[in-house]
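The values are calculated or read from the model by the stated rules, or taken from the named source; none is laboratory data. Values in this document were obtained by computation on a predicted structure and should not be read as measured data. Neighbour counts run over all protein chains shown; Cβ positions are idealised from the backbone, glycine included.
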Amino acid sequence: MNVLLIYPEFTDTFWGLKHALKFIGKKTGTPPLGLLTVAAMLPSDWGKRLVDLNVTHLSEDDLLWADHAYVSAMVIQRDDAHRVIRRCVTAGLKVVAGGPLFTGEHKSFPGVDHFVLNEAEVTLPLFLADLNRGEPKPLYTSTEHPDIRNTPTPMWELADMKQYATMNIQFSRGCPFACEFCNITSMFGKTPRTKTAPQFIAELDTLYTLGWRGAVFVVDDNFIGNRRQLREEVLPAVVRWRRGKKGMPFNTEVSINLADDDQLMRLMVEAGFNTVFVGIETPDEKGLLECDKAQNRGRNLLHSVRKIQRAGLEVQGGFILGFDSDTSSIFQQQIDFIQNSGIVTAMVGLLQAPHGTRLYRRMEREGRLNTEMSGDNADGSTNIIPVMDLKALKEGYKSVLRQIYSPGMYYDRVITFLREYKPPKVGVEKDRAHLMAFWRSIYRLGIMGPERLHYWRMWVWTLFHRPRLFPRAITMAIYGHHFRVVSES
């Protein structure tokens with residue numbers, strides 16, 4: 001059996017960093033970890049090819065070689081998933097599909113022969129057993145949450161690693177919180193399930209042996225869901241593993257209560273973490289109460305962000321507009337918080353209701369669902385009818401983006417961050433790509449760009465005040481170019 005593992009193309013998005021990656025000659029951010037993990041679950045004697053359409057194309061040779069096409073996708077890849085499936089069907093391949101897009105919308109893809117939904121550790125063996133008997137069913141689904149201590153190491157060797165800016169790895173699934181708009185608990189449950197420390201180290205070793213020295217994204221939706229295990233087992237093991245090794249800084253997603261745990265922050269930094277994404281959502285308490293964001297309520301969010309930054313972790317933030325409680329003042333509130341916090345990478349989007357969430361069910365009951373969700377957290381779309389006038393909401397949203405990603409405000413925010421940040425010791429290995437990015441930034445941003453005065457202002461400030469952070473400042477300048485292009489499109 002020969003299998004194509006196909007990952008559809010992303011549209012131009014906030015997190016795609018398409019316009020920034022051009023500076024370092026990379027085609028996309030990370031490889032499709034789900035497909036690489038599925039590949040490791042398939043029989044070892046099967047032929048396997050990864051076709052990530054974000055870095056390559058689906059050739060006629062691929063289609064002639066394969067017997068089956070396994071397609072995985074997120075909601076934002078919907079349009080290209082339809083195109084890929086049509087092409088595979090035309091070529092006479094059996095199509096097997098799984099992942100978040102198909103879990104929520106499998107009835108919209110009649111060309112798929114077999115849906116293997118939810119967590120593959122449960123449903124894929126059922127499909128493979130039926131396939132071996134010649135009796136595969138059209139749909140496999142389960143509410144069971146598997147023990148991921150039995151999940152195999154992903155087959156990263158199938159990926160053309162030089163095309164990616166970052167590698168990715170998973171430690172846990174599930175989140176102890178239950179935000180109304182989030183589908184993580186509906187997919188993976190409220191009890192975080194974790195891998196063992198030796199298992200996690202073995203996966204890091206695999207990446208290191210394959211020659212990877214760049215950044216590694218730990219894809220957990222809340223890495224600190226099981227803080228005790230991190231403090232006592234996993235992070236100390238990573239600290240020991242890192243001794244004598246170069247590169248491989250980590251970034252991940254956490255909840256804001258990380259700021260309450262000094263020991264955990266210290267261990268994360270010692271283990272090589274330098275960036276965390278935090279769902280801030282809104283500085284307005286009424287909005288936090290409405291969406292059941294309990295971990296953010298009743299605290300000084302600005303103080304918490306600064307505490308994390310001063311511990312040595314850059315905070316990237318997610319922000320939402322369009323809660324029922326939002327009034328016209330929310331736009332300036334969000335701008336002020338983002339600027340004062342020094343959150344350079346601020347993803348701002350309109351409230352959306354993913355399938356399976358409590359918000360989706362509430363909007364359905366209230367008759368306020370109006371379209372399919374785009375899956376893009378920062379494209380200014382929403383699939384719900386907001387309380388605020390939709391036109392006013394979208395105009396306010398665009399105003400927020402115009403301001404926070406205007407050159408003056410963006411570079412002010414970079415300097416605010418650099419002033420607060422205490423850098424860890426682990427850095428990215430500097431190679432020819434990063435050197436080229438530096439010179440390209442001078443030409444494209446410092447000479448040709450509309451932000452050139454602000455770019456040089458940041459240069460001078462950083463060299464005089466935080467020279468050790470100069471490479472970080474240049475990276476942020478390049479990211480800012482991408483964010484401006486996306487926010488203006």
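What number of residues in region 44-63 are of a type outside the set (Lys, Arg) and in contact (Cβ under 8 Å) with a residue 60 or more places away in the chain? Before the answer, list the steps.
Here is the first cut: in region 44-63, the residues of a type outside the set (Lys, Arg) are 44-47, 50-63.
Next, from what is left, pick out any that are in contact (Cβ under 8 Å) with a residue 60 or more places away in the chain: 50, 52, 55-56.
The qualifying residues number 4.
Pairs meeting the criteria (first residue in region 299-322 and farther than 25 Å from Leu393 by Cβ and in contact (Cβ under 8 Å) with a residue 60 or more places away in the chain, second residue assigned to a helix (DSSP H, G or I) and among the acidic types (Asp, Glu), beta carbons under 9 Å, at least 6 apart or on different chains) are Arg306/Glu420; Gln309/Glu420; Arg310/Glu420; Ala311/Asp262. Among the residues of region 352-366, is there at least one that is closer than 30 Å to Ala477 by Cα and not in a loop (DSSP other than H, G, I, E, B)? No; the residues of region 352-366 include none that is closer than 30 Å to Ala477 by Cα and not in a loop (DSSP other than H, G, I, E, B).
Taken over region 325-349, residues that are in a helix (DSSP H, G or I), surrounded by fewer than 23 Cβ atoms within 10 Å (Cβ to Cβ) and not β-branched (Val, Ile, Thr) amount to 7. In this structure, Pro154 qualifies as more than 25 Å from Leu258 (Cβ to Cβ), surrounded by 17 or more Cβ atoms within 10 Å (Cβ to Cβ) and either not hydrophobic (A, V, I, L, M, F, W, C) or not assigned by TED's automatic domain parsing to the domain that holds Val238 (or both). Where helices (runs of 4 or more DSSP H) sit wholly within region 50-121, those with at least 1 residues that are in contact with a Ser or Thr (Cβ under 9 Å, 6 or more places away or on another chain), acidic (Asp, Glu) and surrounded by fewer than 20 Cβ atoms within 10 Å (Cβ to Cβ) occupy 78-90.
Remark: pairs (first residue in region 472-488, over 16 Å from Gln316 (Cβ atoms); second residue at pLDDT 95 or above and outside any helix (DSSP H, G or I); Cβ separation under 6 Å; 6+ apart in sequence or on different chains) = Arg484/Tyr405.
Each residue in region 262-299 was checked for being outside any helix (DSSP H, G or I) and either within 19 Å of the chain's Cα centre (by Cα) or under 18 Å from Arg242 (Cβ atoms) (or both), and 10 pass. Within region 218-234, does at least one residue satisfy the condition of being over 22 Å from Pro424 (Cβ atoms), assigned by TED's automatic domain parsing to the domain that holds Gln352 and touching a Ser or Thr at 6+ places or on another chain (Cβ under 8 Å)? Within region 218-234 (the criterion being over 22 Å from Pro424 (Cβ atoms), assigned by TED's automatic domain parsing to the domain that holds Gln352 and touching a Ser or Thr at 6+ places or on another chain (Cβ under 8 Å)), the answer is yes, since at least one residue qualifies.
I'd like to know if region 46-64 contains one or more residues that are of a type in the set (Gly, Ala, Ser), modelled with pLDDT of 95 or more and within 19 Å of Tyr7 (Cα to Cα). Steps first, please.
Of all residues in region 46-64, those of a type in the set (Gly, Ala, Ser) come to 47, 59.
Subset that is modelled with pLDDT of 95 or more: 47, 59.
Checking the rest, the ones that are also within 19 Å of Tyr7 (Cα to Cα) come to 47, 59.
Taking every residue of region 46-64 in turn, at least one turns out to be of a type in the set (Gly, Ala, Ser), modelled with pLDDT of 95 or more and within 19 Å of Tyr7 (Cα to Cα).
Would a scan of region 32-42 turn up a residue that is assigned to a loop (DSSP other than H, G, I, E, B) and farther than 29 Å from Ser381 by Cβ? There is at least one residue in region 32-42 that is assigned to a loop (DSSP other than H, G, I, E, B) and farther than 29 Å from Ser381 by Cβ.
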